[in-house]
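Below is one structure; the comments refer to it alone.
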Amino acid sequence: MAEIIKLPQLSDTMEEGTVAKWHKSVGEQVNDGDLLADIETDKATMDFDSISEGTVLHIVAEPGTTIPIDGI
């Protein structure tokens, strides 16, 4: 079963984040704790780590895309 990954709130003041870089590609295996992406917030660039395991099926937000918290 596919799981949709949503952008969590990575800091107390964060309202949205911009994908700076993906560290996983479509078709790649992901394990719990793997680094998925670098997310630029209003104050810093943060690591976005996986909280589940599986295979990347699709990437919706390309680098440079700004996503609201809980956005896909």
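Quick note: the coordinates plus some simple rules give every number you see, no bench work behind them. Remember, predicted model here, so these are calculated numbers, not experimental data. Don't worry about glycine lacking a Cβ; one is built from the backbone with ideal geometry, like all the others, and counts go over all protein chains shown.
In this structure, Gly71 does not satisfy being touching a residue at least 40 places away in the same chain (Cβ under 8 Å) and farther than 17 Å from Lys6 by Cβ. Scanning segment 14-64 for residues that are more than 26 Å from Met1 (Cα to Cα) and among the hydroxyl-bearing types (Ser, Thr, Tyr) yields a count of 3.
Conditions (1) touching a residue at least 24 places away in the same chain (Cβ under 8 Å); (2) in contact with an Asp or Glu (Cβ under 7 Å, 6 or more places away or on another chain), marked per residue:
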position	(1), (2)
Ile4	yes, no
Lys21	yes, yes
Ser25	yes, no
Asp38	no, yes
Thr41	yes, no
Leu57	yes, no
Gly64	yes, no
